[in-house]
Amino acid sequence: MRIRGAVLRAIGAERPFARSQPLELVELELDEPGPGELRIRIEAAGLCHSDLSVVDGARPRPMPMLLGHEAAGIVEAVGEGVDDVAVGTRVVTTFLPRCGECDACATDGRLPCERGSASNAEGELLGGGRRLREGEHEVHHHLGVSAFATHAVLDRRSVVPVGDDVPPQVAAVLGCAMLTGGGAVINAGKPVEGDDIVIVGLGGVGMAALLAAASLGLGRVIGVDAVPAKLERALELGADLALSPDDAVAQGLRAPLVIEAAGHPRAFETAFALTAPGGTTVTVGLPHPDARSSLSPLAFTAEARTVIGSYLGSAVPSRDIPRYEQLWREGKLPVEALITSEIGLEDLNEALDTLADGRAIRQVVRL
Ligand SMILES: [Zn+2]
Ligand SMILES: [Zn+2]
């Protein structure tokens, strides 16, 4: 079928993106869903830092690519062998499908699926190959999804069904920001009664981590970021305290669980400095491959410290998304608060500037 979507043709466009227009809205041909696949009509798709990282070249991907991976939509057609998701069901897309058969899939989310990682790197669906064409040329899928479009064909394992009562924009954000930020706290951090939880870096993932931390009702939840507007926002989202990195260190703040969600080596050092003796630092940010941090090895030993790397929230989407869905339903996880604006597909280039400038948490495309 013919669809419309936002295609990136080359990485490394100059800023402002509103002028260089790296994403081009074009008509494409979308194949029918093959065995084990389904087609959805996209209802909402969030703009995530991982989209920006492809545009600016921080995480290079094969070109051309139809971006977007944090989305919700309605199942319109199912391929052969898909018998557990009916047409008409609302689903959340997930950006790293789990094949369920490799060694990594047996690690309870600690390691990303080997096949899923490989197909994502190739810009293919989990079952192999691409379903998108522009004229003669194949267009790559972004993280097995490609959601900045009217429709998408995905592997069954790239979606998780949700209830009709979950609004599309909320469902979309469950699939990436919430899965990653919430997972860093719950899956990797495993906080216990009375634990204070500090979140360093308050972008989409950091704010989602903050919401998840607050939903647990343990100790205090403390947001740390250098941008004053984000500290105000953190307090609105339920943080008990919000501090700049300098203030947090100067005040001697130390907590048993500190989440680093900025993807910057200085933020990692701050998170480590704020972790209490015996405590755990979880790093979920994705810094540039050349980034280096300076830490005291003695602090690990003398203070019996733990540092955990949580790749994409150590998530098992089919297990975790229903958990966040239920917390949202109970009013404990106000995911709506992460959405700072709703935009159209034609607004994506400007929205990339807004994201790069740190002026938004989640901008969600509505279709
Ligand atoms: Zn994302
Ligand atoms: Zn696997």
Determine, yes or no, whether E232 is within 22 Å of N187 (Cα to Cα) and of a type outside the set (F, W, Y). no
For the stretch 192-224, enumerate the residues that are in a loop (DSSP other than H, G, I, E, B) and either closer than 13 Å to L241 by Cβ or among the hydrophobic types (A, V, I, L, M, F, W, C) (or both). V192, D196, L202, L218, G219, R220
Look at the stretch 1-26 and say how many of its residues are in contact with an Asp or Glu (Cβ under 8 Å, 6 or more places away or on another chain), surrounded by fewer than 17 Cβ atoms within 10 Å (Cβ to Cβ) and closer than 21 Å to P62 by Cβ. 4
Answer yes or no: is there a residue in the stretch 29-46 that is under 18 Å from G128 (Cα atoms), assigned to a loop (DSSP other than H, G, I, E, B), assigned by TED's automatic domain parsing to the domain that holds E346 and within 16 Å of ligand 2 (Cβ to nearest atom). yes
Qualifying residues in the stretch 67-78 (those that are over 19 Å from the mean Cα position of the chain (by Cα) and more than 13 Å from R157 (Cα to Cα)) - the one farthest from ligand 1 (Cβ to nearest atom): A77
Given the criteria within 16 Å of ligand 2 (Cβ to nearest atom) and closer than 18 Å to C176 by Cβ, does L66 qualify? no
Looking across the stretch 245-268 at residues that are in contact (Cβ under 8 Å) with a residue 12 or more places away in the chain and assigned to a loop (DSSP other than H, G, I, E, B), the single one that is farthest from D225 (Cα to Cα) is R254
Taking A149, is it more than 16 Å from ligand 2 (Cβ to nearest atom) and closer than 21 Å to A208 by Cα? no
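This table checks each residue for (1) under 30 Å from I186 (Cα atoms); (2) out of contact with any helix residue (DSSP H, G or I) (no Cβ under 8 Å at 6 or more places or on another chain).
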position: E37; (1), (2): no, no
position: C48; (1), (2): yes, no
position: V82; (1), (2): no, no
position: E134; (1), (2): no, yes
Test each condition in (1) closer than 24 Å to L312 by Cα; (2) surrounded by fewer than 17 Cβ atoms within 10 Å (Cβ to Cβ); (3) small (G, A, S) for G263 and report the one that comes out false. (2)
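The values are calculated or read from the model by the stated rules, or taken from the named source; none is laboratory data. From a predicted model like this one, the values you see are computed outputs, not experimental measurements. When we count neighbours, we look across all protein chains shown, and the Cβ atoms used for this are built from the backbone with ideal geometry, even at glycine.
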